[in-house]
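Quick notes on the structure that follows.
The values are calculated or read from the model by the stated rules, or taken from the named source; none is laboratory data. Since this is a predicted model, take the numbers as computed values, not measurements. All Cβ positions, glycine included, derive from the backbone under ideal geometry; neighbour counts span all protein chains shown.
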Amino acid sequence: MRKISKFFLTASILALVLAQAIPAAQAAPVAAKIGVISIITGAGAAYGEAITNGFKMARDELNAKGEVKIELLIEDSSGKQEQALAAAQKLINSQQVTAILGPTLSTEMKVVGPEANASGVPIMGTSTTAAGITQIGKYVFRNSLPESLAIPASVKKAVAKYNIKSVAMLYGNDDVFTKSGFDSMKKAATDLGLKVTTIEEFQKGQADYKAQLTKIKATKPDAVFCSALYEEGAVILSQARKMGINQPFVGGNGFNSPKVIDIAKEAANGLVVATPWFADKNDPQVKAFVQKYEKAYGKKPDQFAAQAYDALYIMGEALKKAGQADRNKMRDALAGIRNYNGVLGKFSFDAERDVVMDPNVLIIKDGKFQIFN
Amino acid sequence: MLLEVQDISMVFGGLAALREVSFSLAEGEILGLIGPNGAGKTTLFNVITAFLTPTQGEVRLAGKPLTGLRTSRITERGICRTFQNIRLFDQMTVEENVMVGRHCRSRAGVWPSVLRTGAQQKEEGAIREKTRELLSLVGLTGHDRELAANLPYGLQRRLEIARALAGEPRLILLDEPVAGMNDQETAEIAALIKKILGFGITILLIEHDMSMVMKVCDRLVVLNFGEKIAEGTPQEIQSDPLVIEAYLGREEGE
Amino acid sequence: MINPYYLQIASFILINIILGLSIYITLSTGQLSLGNAGFMSIGAYTSALLTVKVGLPMVAGILAGSLLAFLIGILIGIPTLRLQGVYLAIATLGFGEVVRVLFINWESLTSGAVGIAGIPHLGRTMLAGLQERGFSSEQWGLKNNEFISLTIFIILLAITVLLLAFFSRLFASRVGRAFRAIRLDEKAAEAMGIHTTYYKILTFSMGALLAGFAGALFAHVTGYISPADFTYHRAVEILVFAVFGGSEVLWGPVFGALFLTVMPEMLRGMSEYRYFIYGTILVVMMVFRPQGVLDQPLLDRLRGRRGGGGDDAA
Amino acid sequence: MFFEQLINGITLGSIYAIVALGYTLVFGVLDIINMAHGEIFMFGAFVGMLLISYFEAPVLLALGGAVLVTAAMGLLLERLALRPLRGKKGASHLASLISTIGVSIILENLAHHLFGAGNKPFPTSFADASFTVGSTTVYLVQVIILVIAVLLMVGLSLWLRKAKAGKALRATAENLETASLLGINTGRIIVSTVVVASAMGGIAGVLVGMAFNYVNNQMGLPMGLKGLAIIILGGMGSVNGAMAGGLILGLAETFVVAYGNSGYRDAIAFVAIIVILLIRPQGIFGQALPEAKR
């Protein structure tokens, strides 16, 4: 039941250049109901909260501008496929929404996506990073950076910078995100011709990683590639550093959280991750968003909030282009989105409605995330 | 001989509960098994019905050894029993208890039961008919819809007998059927026992109520500390010095 | 009323009823199995793999999945039946976990934690098949998705009604009396000539069969499964259906599954406290009403009869 | 590497053993499996963590605090979820299993509401202290865990002997109604058994938090399941069995990672219980077959 922290995802980038929004003739705003499926209760509620906050902020801003009038209908999934499916049915059939944002988890999307697609309702994941999401069908979109983009980026930079020849790999094999992250990692390592010294697995809720780490240490790799959610990842880092594994760690997007630093403290230094979202980016749009979000919700926005914020802007843009709350027109408008500048950077959909963007590669240095180069 | 108990020993963790006990029962006979508490009487019942596997010895029914058979098979062969501390299915009705007792004499399996085939319907009818008969025999007519747990103690004892009879036993083992009953109730059970004998059913009876044992039993076997110390007619047993000592010894011990 | 939302909920209720029945059947001979999530996953994976990778028709997949769960139920049942009470509960719990870990690690077959997506969908396949024969939902005045949801619901409803009829007749028979006798006093039941081992294996493997069947249906209703769907928590959830609704009467797990599936949907806002409520239900039930909400006396009262009727104990 | 893995295995095994001791104690005296034990263990870890991070308490004080809180939880558990079932007609031996599963669910969610989801850091200064034997590094924490495990085992053996005497008297009391004559307060023995077992869970929680820098509201279930596997492995109600079973499982898991496939690490415990239940249902150190009574 608890899929909790499982879902750490990736991000996505979006880009909606507000500035580009045509300031022309002010007609009546285009109104639409947009459904949201998110984890409001249960274990993954922390992500759902950030995501819905992002949506709400974007909605208020968009509606204030007057070109569109978006009504958000938010449903809870508790992170469970059955409930997500029920919520989707409710939104599609009872509430007649024009489009859906969410659900939070890739597992949920694999159940909800086909239903939305069959019903002809555009649906966009803002935090679903696993492989095969947009291939579900032509109504399925996402703006979350998949691990298959994030991981090669961080791997490539780390390999170049540290002259890595051999790596040990460690991943959680009972979780969709860490498993598909690992698959990308392995592919990236093979593509770069790295020698893999050992591949170790762990399971959710494990406390003791010493056995795996001892083995990894003995193989003397140049670096450790670790596909873990930050929950486990931070514990792994702290145990590894204590055992004298001082090599760089390269992680996926799921490893990207300030909590890594909270939990692992100095042991977190040397972790390289790729992420769509960098809150300390020197960019006026990002700074404005961070400031406003912090004021409204009392904490810094994380990547989930940022992805959600950009996602609704993309929806808004598509709605303007579609000109009316029509599901098919909305789909076509969404599919045509290219080169939008959002808080995550420049974002486009590719022909398969998947993400095109350049992730930021960050490293934890001196106890904080910094641009890695 | 209907039942032959031969050289049965039962050892629990070094302690012998039964030591080379042998006796036999003729068809239609009623034999009383007596002896002080802890003499091994109920243990012997448990050995005969395969609740326990004896350390040594053999039990035969109508000449065929029962060794290695599980309890349910022994019941099918024709040995039914009651329990010292009543073991009714207390959350079932009186009627259902007897119907369960009929299990080994009926056959409908899963599919016939679900499809309600003609044969199954007929069998079910026969089970109910037999149940009614037995309930009237033991004097429980009118109680059939009551939960077994709600019956007064004396009636529970009767129900156990009816349930055992439902299995159409050749031999019925009764474990203290009148324990805790008053004189009138005891007399009624004694009469019931006589009736059962009248059907040609052989009876092995454990009982502490000596006056009743003496009245109903053809023969007695006396156990003490797991050993058979005497066997004979009630008159013989009453005057047997070993038996008297065993009982007196018990009284001193208490 | 033909709103896919309501029909979806109803479909999950029906699947949960089958799951509730699966544990009820095993409990009817007094055995607590915490391995039903494991059997469910066997049914789900078998059917999913056979339809996705081998291309078998869905009906064949579902039957194969149920059958495999049944066979494994017998295999597991025979040796574990020597175990009593809590030992059995823990051994079956262990079995469920082993199956899950196996599905996680057997990547070449199961894709591990990523799970299997694109499983043929009960309703969509049905619609596609009918459309090939020139049918369209509009003929019935329905939209495609309404037709799909309605089809699933009707199929599941028919299955559930058949199952209930099956078990209510079974429990009212000689076999059902044997089950209850074993549950109430195994030794005494054996002494009545009931082959307790046979009946215990029978109920254990029937429970496995039902769980596998429900799992296969689940796979074809959601279209996606992963090992995370079949954890210890699922086993407990199934247990709660029976324990809450009533573990001594057939209508108990039915009521339990119905109530506990609808409740979180009605109280979407309260679902934060859902597991509190689950936990509290378990404790309170054991303290005040160990037999669950429904029991025989209550059913009799509801039917306006007196006495403990056994002929229709189901 | 072998010796390092050996030490890893012993550390993990000692922790498993302490968790299993809690189960075995309750089972040995009450014939009940306390499914909430894992969650009590988790609360122990949280209390220790809170005392250390927010009140900068020394480790001993943190252990003490965890013991107090978890002992109180044991008391409540006994009062609310076990005692009402005892001797109740119609409540089978499965009733306590189900009711403690209920408590475990409540506790897990309570922790979620109280402490939030996700990991919490467990800072300890001496977690880093280590010394070197030959080429192998040994951490102070590892030694402490082993020592505590052995101490608890010895203490428990003594306790269990006393409690068993109480149990025997209780059994007698049921038959002969002579409890009051014997002047034995069996109720108190039962309560103190649950309390002591819970407190041990609390200790184990703090040790795990300290050794692995790992505290979250989900940590109870995996550890609880391992504990269950161990008491089946070692023999229900057997203190030596819990200790040996814990060490065996800890070593087995570690060496499967070291020389086998780490993906199957979690399955070992359950494969082990299935195998042991089939071959020797009473467990390695168990006395007799599980009683066939219902």
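Summary of computed values
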read-out	value
Answer from C:Gly292, C:Gly252 - the residue that is at pLDDT 90 or above and within 19 Å of D:Leu94 (Cβ to Cβ)	C:Gly252
Conditions (1) facing chain C (nearest Cβ under 7 Å); (2) in contact with a Ser or Thr (Cβ under 6 Å, 6 or more places away or on another chain); number of the one not met by B:Glu58	(1)
Among (1) buried (at least 24 other Cβ atoms within 10 Å of the Cβ); (2) at pLDDT below 90, the one test that A:Gly244 misses	(1)
Scope segment B:115-132; condition crowded, with 19+ Cβ neighbours inside 10 Å and among the aliphatic types (A, V, I, L, M); matching residues	B:Ile127
Segments classed as helices (runs of 4 or more DSSP H), wholly inside segment A:279-373, with at least 3 members that are in the same structural domain as A:Phe55 (by TED's automatic domain parsing) and free of Cβ contacts under 8 Å to residues at least 24 places away in the same chain	A:284-297, A:327-335
Single match in A:Lys287, A:Lys329, A:Lys295 (criterion: among the charged types (D, E, K, R), touching a helix residue (DSSP H, G or I) at 6+ places or on another chain (Cβ under 8 Å) and surrounded by fewer than 20 Cβ atoms within 10 Å (Cβ to Cβ))	A:Lys329
Residues of segment C:18-64 satisfying the condition of being farther than 28 Å from C:Asp295 by Cα, at pLDDT below 95 and crowded, with 24+ Cβ neighbours inside 10 Å	none
Some residue of segment B:124-134 being closer than 24 Å to B:Arg73 by Cβ, modelled with pLDDT of 95 or more and more than 12 Å from every other protein chain (Cβ to nearest Cβ)	yes
Qualifying residues in segment C:66-105 (those that are over 17 Å from the mean Cα position of the chain (by Cα) and among the hydroxyl-bearing types (Ser, Thr, Tyr)) - the one nearest to the other protein chains (Cβ to nearest Cβ)	C:Tyr87
Filter pass, C:Val240 being within 30 Å of C:Ile116 (Cβ to Cβ), β-branched (Val, Ile, Thr) and either assigned to a helix (DSSP H, G or I) or away from chain D (no Cβ under 12 Å) (or both)	yes
Residue count for segment C:153-209, restricted to those that are facing chain B (nearest Cβ under 7 Å) and not in a helix (DSSP H, G or I)	6
Residue satisfying condition, being of a type outside the set (Phe, Trp, Tyr), under 23 Å from C:Gln296 (Cβ atoms) and either surrounded by fewer than 16 Cβ atoms within 10 Å (Cβ to Cβ) or free of Cβ contacts under 8 Å to residues at least 12 places away in the same chain (or both), within set B:Gly109, B:Gly180, B:Gly142, B:Gly101	B:Gly142
Residues (at the interface with another protein chain (Cβ under 8 Å from one of its Cβ atoms) and surrounded by fewer than 24 Cβ atoms within 10 Å (Cβ to Cβ)) located in segment B:74-91	B:Glu76, B:Phe83, B:Arg87, B:Leu88, B:Asp90, B:Gln91
Segment C:210-232: number of residues that are in a loop (DSSP other than H, G, I, E, B) and on the phi < 0 side of the Ramachandran plot	3
A:Gly42 being facing chain C (nearest Cβ under 10 Å), assigned to a loop (DSSP other than H, G, I, E, B), at pLDDT below 95 and surrounded by 22 or more Cβ atoms within 10 Å (Cβ to Cβ)	yes
Among (1) over 15 Å from C:Leu14 (Cα atoms); (2) more than 10 Å from every other protein chain (Cβ to nearest Cβ) - the single one C:Ala228 does not satisfy	(2)
Filter result for D:Gly241 (away from every other protein chain (no Cβ under 11 Å), buried (at least 24 other Cβ atoms within 10 Å of the Cβ) and modelled with pLDDT of 90 or more)	no
Among the candidates A:Pro258, A:Pro248, residue that is assigned by TED's automatic domain parsing to the domain that holds A:Leu192 and farther than 23 Å from A:Lys187 by Cβ	A:Pro258
Selection within segment A:190-223 - more than 7 Å from chain D (Cβ to nearest Cβ) and assigned to a helix (DSSP H, G or I)	A:Thr190, A:Asp191, A:Leu213, A:Ile216, A:Lys217
Criterion: in contact (Cβ under 8 Å) with a residue 40 or more places away in the chain and within 20 Å of D:Ala258 (Cα to Cα) - qualifying residue of A:Gln212, A:Gln203, A:Gln239	A:Gln212
Among the residues listed as A:Ile216, A:Ile236, the single one being at pLDDT 90 or above, surrounded by 23 or more Cβ atoms within 10 Å (Cβ to Cβ), within 24 Å of D:Gly220 (Cα to Cα) and β-branched (Val, Ile, Thr)	A:Ile236
Count of residues meeting criterion [farther than 15 Å from A:Pro258 by Cβ and charged (D, E, K, R)] in segment A:294-317	3
Enumeration of residues in segment A:261-275 that are crowded, with 19+ Cβ neighbours inside 10 Å and either outside any loop (DSSP other than H, G, I, E, B) or not assigned by TED's automatic domain parsing to the domain that holds A:Phe225 (or both)	A:Ile261, A:Ile263, A:Ala264, A:Ala267, A:Ala268, A:Leu271, A:Val272, A:Val273, A:Ala274, A:Thr275
Filtered residues of segment A:224-234 (kept if within 10 Å of chain D (Cβ to nearest Cβ) and touching a residue at least 40 places away in the same chain (Cβ under 8 Å))	A:Leu229, A:Tyr230, A:Glu231, A:Glu232
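So that you can scan it fast, the table gives a plain yes or no per residue for (1) more than 9 Å from chain C (Cβ to nearest Cβ); (2) of a type in the set (S, T, N, Q):
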residue: A:Gln96; (1), (2): yes, yes
residue: A:Thr107; (1), (2): no, yes
residue: A:Ser127; (1), (2): yes, yes
residue: A:Arg142; (1), (2): yes, no
residue: A:Ser148; (1), (2): yes, yes
